[in-house]
Amino acid sequence: MTTKITSLTDLLTALAHHQPQTLQLQTSILCPYAITLPPGYTLCGTDKDKCMLSFNNSDGIGITANNTIRDLTIMTTPSCRAIFSHTGHPDMGTITLHNLCITGQVSVMIRQGTHRLVLHAGDIDIVSCDARRYSEQPQKYGVNVYQGAFTVYNFNGDTASHIEARLTDITIGRKNAPVIGSGIFISGFGDNGGWVTLQKLTTGAIYSNGMLPYGTADMITAAVFIVFGVKAKTVVHHGEIVTYGVNDMVLDTWGAVDTWTAQEQLISHGPSGIGFVNFGTVDTFTAKKEIITHGPGARGFNQYDGTVKNIHLKSITTHGDGSIGIQISKPIGSIHIAENITTHGGIGNTLVKGVLMPLPAIAFSIKPGGAVESFAVQGDITTYGANVDAYTIDGGKLEHIQVAGLISAQGPNAHAIVVSAGGSTPLTNVTAGAKSGQVLVNNGGTITDKSGFTEEIVS
């Protein structure tokens with residue numbers, strides 16, 4: 001049954017019937033308080049561009065079970081929830097969100113008492129949101145994480161609780177007008193229960209800013225955060241992903257992802273805004289365009305927990321002090337860089353597992369506990385900062401290396417290659433040079449193969 005809605009009175013009357021039906025807005029309506037869709041209800045508009053449902057004093061639309069919301073513009077104040085889920089239904093059935101333009105947060109969350117939810121969301125554009133005020137936040141590695149403009153959260157720790165989600169064509173924020181908090185946030189309850197299976201996530205452009213003060217060490221955000229308890233099959237970004245603030249990661253995961261692909265640039269502007277952070281398990285990660293970071297302590301890619309089997313990057317460029325290109329401290333598979341790894345900064349503070357510490361902006365670093373099976377760079381590995389070495393194996397291990405270009409340290413007192421603390425690496429067919437430091441420093445390390453190694457004068 002379809003009921004045409006032309007006024008607020010029509011809308012409230014139809015919701016009071018509690019008889020599953022489709023409510024079709026014919027015009028724009030302002031509602032002074034939040035509404036709830038009873039189980040089985042669909043809410044839609046005749047035309048998204050002509051039908052705006054606004055909420056001037058409250059959250060927006062509450063969903064219960066087997067609801068659909070489509071073909072609408074929904075507007076709350078940015079710090080309110082435009083769409084939110086109610087608790088109390090053991091099985092929420094299938095929730096469908098499609099062709100929506102939204103101001104405010106989309107919050108699909110299950111709590112104790114709800115064990116099942118299937119979510120299909122497609123063609124969602126969140127224009128503006130401030131997601132900082134919500135107290136449900138995952139905690140690990142010494143930090144909490146702000147929720148996002150689009151949040152899917154299994155907050156039920158029962159091992160039998162499960163959300164299955166398919167999210168396509170999600171766009172968040174605007175260039176130079178980002179959402180506040182995280183962008184897309186998908187989380188389970190923890191590592192041992194409260195699961196989310198993410199069948200597919202595709203996005204357009206995403207712009208976010210956590211608005212954290214400089215020096216904050218116990219809170220982070222990300223444009224896209226796949227947190228613990230999530231098993232994601234396919235993630236693809238078709239637009240650029242940009243963050244602007246302190247501790248604003250571009251892409252971050254504590255969960256598991258089979259295939260993760262970024263078709264456009266990954267860019268961060270703020271301090272400790274890392275391009276790709278993997279504390280989970282990723283089979284294949286591909287960045288087809290550049291990873292670029294501008295702030296101090298903003299690494300390009302780091303692996304401090306978990307693992308990745310294959311990582312393919314076009315290039316990494318960092319500009320700030322302490323902004324390492326790549327740093328590895330866990331065993332991983334292969335890294336392939338199609339072009340260059342370049343860092344421009346010197347020594348500066350960067351956030352590591354909830355602690356701010358000074359680090360040099362090394363281009364490539366393997367730390368104790370880190371191991372890389374294969375490392376291939378088709379271009380150059382270059383540092384420009386003072387006292388910043390280009391390639392360091394500090395207690396870690398590399399099995400195979402292929403660098404087509406030059407490993408060079410251009411800054412004062414900077415070395416091209418440093419192997420130390422029991423670390424090991426081949427230097428097969430590697431060409432390296434340092435402008436004022438040493439080309440090769442071996443301080444208690446092992447060079448497993450030096451055939452074809454060449455020193456080059458760097459002027």
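Here, each number is a calculation from the coordinates, and none is a lab measurement. All of these numbers come straight from a predicted model, not from anything done at the bench. Cβ coordinates were reconstructed from backbone atoms using ideal geometry, including for glycine residues, and neighbour counts include every protein chain displayed.
Any idea what the relative contact order of the chain is, in percent, if you count C-alpha pairs under 8 Å spaced at least 6 apart? Rounded, it is 6 percent for the chain.
Roughly speaking, what % of Cα-Cα pairs in region 239-310 are separated by over 21 Å, rounded to a whole number? I get 21 percent for the Cα pairs in region 239-310 exceeding 21 Å. In terms of its C-alpha gyration tensor, region 22-62 comes out oblate, because a/c is 1.5 or above while a/b does not outweigh b/c.
Under 13 Å from the Cβ of D158, count the other residues' Cβ atoms, weight Lys and Arg +1, Asp and Glu -1, and hand me the total. Provide the component values of the computation, followed by the final result.
Numbers: positive: R111, R116; negative: none.
Residues near D158 contribute +2 overall.
Taken one residue at a time, the phi angles of region 175-192 give Karplus couplings (6.51, -1.76, 1.60, θ = phi - 60°) of 4, 6, 9, x, 5, 9, x, 7, x, 9, 10, 10, 8, x, 6, x, 7, 10 Hz. Gly and Pro are set to x. With the biggest extent put first, the Cα atoms of region 265-459 measure 36, 33, 30 Å across the principal axes. Just so you know, the averaged projected area of the alpha carbon convex hull for the chain sits at 20.3 nm². In the chain, taking the dipole from charged Cβ atoms about the Cα centre, the farthest positive-side position among I337, A131, H238 is held by A131. Subtracting the Cα-Cα distance of A404 and N387 from 0.36 nm times their residue separation leaves 3.7 nm of extension gain.
The H on the amide N of G322, modeled in the peptide plane, is under 5 Å from the matching H of G297, G346, I347, G348, A361, each at least 5 residues off or on a different chain.
Out of all DSSP beta bridges in the chain, what portion is antiparallel? Express it as a percent rounded to 5.
Values: 10 of 185 bridges.
So the antiparallel bridges amount to about 5 percent of the total.
Calculate one ³J(HN,Hα) per residue across region 43-51 by plugging θ = phi - 60° into the Karplus curve 6.51 cos²θ - 1.76 cosθ + 1.60, and present them in order as whole Hz with x for glycine and proline. So the J values, rounded to whole Hz, are 10, 8, x, 6, 7, 4, 6, 10, 10.
Counting other Cβ atoms within 10 Å as a rough exposure proxy, the listed residues S54, S128, S135, S436 run S135, S436, S54, S128 from fewest neighbours to most.
Specify whether the C-alpha gyration tensor of region 346-443 places it in the rounded, prolate or oblate class, a ≥ b ≥ c being the square roots of the eigenvalues: rounded for a/c under 1.5, otherwise prolate if a/b is larger than b/c and oblate if not. Cα axes put region 346-443 in the oblate bin. In terms of distances greater than 32 angstrom between alpha carbons, the cross-link table entries K200/K330; K48/K200; K200/K289; K175/K233; K353/K450; K50/K233 yield K353/K450; K50/K233. Run the quick spin-label model on K4 and K435: label points 7 Å from Cα toward the beta carbon, then report their separation in nm to one decimal. My value for the distance between the label points is 7.3 nm.
Rounded to the nearest 500 deg cm²/dmol, what is the calculated helix-only ellipticity per residue at 222 nm for the chain, with -39500 (n - 2.57) per DSSP H run of length n ≥ 4? Walk me through the numbers before you get to the answer.
Numbers: 1 runs with 9 residues, N = 459.
Calculated from helices alone, the mean residue ellipticity at 222 nm is -500 deg cm²/dmol.
Which of the three applies to region 110-245, rounded, prolate or oblate, going by the alpha-carbon gyration tensor with a ≥ b ≥ c and a/c under 1.5 meaning rounded? Oblate is the answer for region 110-245, as a/c is 1.5 or above yet b/c matches or exceeds a/b. On a per residue basis, the convex hull of the C-alpha atoms belonging to region 370-426 measures out at 68 Å³. The 3J(HN,Hα) values that the Karplus relation (6.51, -1.76, 1.60; θ = phi - 60°) gives for region 263-273 are, in residue order, 7, 10, 5, 10, 10, 10, 10, x, x, 6, x Hz. Gly and Pro appear as x. Which one, T446, G405, V377, projects farthest toward the positive side of the charge dipole computed for region 265-459 from Cβ point charges (K/R +1, D/E -1)? Among T446, G405, V377, the one farthest towards the positive end of the dipole of region 265-459 is V377. Considering only beta bridges that DSSP places wholly inside region 77-225, some 5 percent are antiparallel.
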